[in-house]
Amino acid sequence: LRSELDHVERLSLVGQMAAGITHEIRNPMAVVRGFLQLMREKSTDDLDSYYQIVLEELDRANSIINDFLSLAQSRVSDKEKVLLHRVIEEVSPLLWADANLRGQSVELKLNASIHELELNVREIKQLILNLGRNAMEAMGPKGVLTLETRNIQDKVELIVRDRGIGMSESQREKLFSPFFTTKREGTGLGLSLCLSIVERHNGKINVDSVEGEGTVFTISFPLVKEEYSGAILAD
Ligand code: ADP
Ligand code: MG
């Protein structure tokens, strides 16, 4: 599955998002309002669980707003020339920490890339974290998340692999749609954000998934032009 949105699609995506976010924020607000009312009207034994629900719904609304803001962020990105495997090494402690809490592990197969890419490091870290967290959420304890880099002629690939629940065909089709989620506490914005980050880097994102076996996300980044021709001359 390859997703490339053209300009018109992107504009309609923004409209879709605006409608979606209104809806998605109203839901938790309605729940919070309902439960606050219940808490005022009834003296109940369930108070603790009501508080819990109210707090969770507020957190959810907050996550939606945060994800949405990252997505809507200015398109002016400050890119720098960096080596992809270095960026992965910098974020991996965060993934290790998450994996530890879940009883899972993280495996890195980083082929040192020879070629620097022009990356917005902050965005690429966010991309790796989002894909990595999805992978972990798809696996039970003992799950293994694998991050890999691969050097190919005119591009560098980042491969994020899990041995989790995988996805059905119909799930795969909706994967990058804003607010599509199969998780109780999900926002459904993570992959929309990933897609827009990859597009801003002129990259491509590819998904292979088998239900019950796992999922592989492959992101390819083009090499900076002069780097590439330089490499040919050097060969
Ligand atoms: P969220 O994580 O909040 O649900 P995302 O946009 O990150 O939102 O992901 C959307 C949906 O895509 C998930 O709810 C899940 O159904 C599916 N998905 C994403 N990554 C994976 C994965 N590695 N394995 C299985 N399903 C996945
Ligand atoms: Mg996610």
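The values are calculated or read from the model by the stated rules, or taken from the named source; none is laboratory data. Please read all numbers here as calculations on a predicted model, not as lab measurements. Cβ coordinates were reconstructed from backbone atoms using ideal geometry, including for glycine residues, and neighbour counts include every protein chain displayed.
Quick check: anything in the stretch 157-173 more than 8 Å from ligand 1 (Cβ to nearest atom), of a type outside the set (D, E, K, R) and touching a Leu at 6+ places or on another chain (Cβ under 7 Å)? Yes; the residues of the stretch 157-173 include at least one that is more than 8 Å from ligand 1 (Cβ to nearest atom), of a type outside the set (D, E, K, R) and touching a Leu at 6+ places or on another chain (Cβ under 7 Å).
Rundown of residues vs (1) farther than 28 Å from residue 164 by Cα; (2) at pLDDT below 90, yes/no style:
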position	(1), (2)
50	yes, yes
54	yes, no
60	no, yes
72	yes, yes
85	no, no
89	no, no
100	no, no
132	no, no
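Scanning the stretch 119-136 for residues that are within 13 Å of ligand 1 (Cβ to nearest atom) and in contact with a Lys or Arg (Cβ under 7 Å, 6 or more places away or on another chain) returns a single hit, 136.
For beta carbons closer than 7 Å, sequence separation of 6+ or different chains, a first residue in the stretch 50-65 that is within 19 Å of residue 23 (Cβ to Cβ) and a second that is among the hydrophobic types (A, V, I, L, M, F, W, C), the qualifying pairs are 57/31; 57/32; 58/32; 61/25; 61/29; 64/21; 64/25; 64/189. Restricting the stretch 102-144 to residues that are in a helix (DSSP H, G or I) and β-branched (Val, Ile, Thr) leaves a set whose member that is farthest from the chain's Cα centre (by Cα) is 121.
If you filter the stretch 193-209 down to residues that are modelled with pLDDT of 95 or more and surrounded by fewer than 20 Cβ atoms within 10 Å (Cβ to Cβ), you find that the one that is nearest to ligand 2 (Cβ to nearest atom) is 207. Within the stretch 180-187, is there a residue that is at positive phi and outside any strand (DSSP E or B)? Among the residues of the stretch 180-187, not one is at positive phi and outside any strand (DSSP E or B), which makes the answer no. Which of the residues that make up the stretch 85-131 are within 14 Å of ligand 2 (Cβ to nearest atom) and free of Cβ contacts under 8 Å to residues at least 40 places away in the same chain? 98, 129, listed by residue number.
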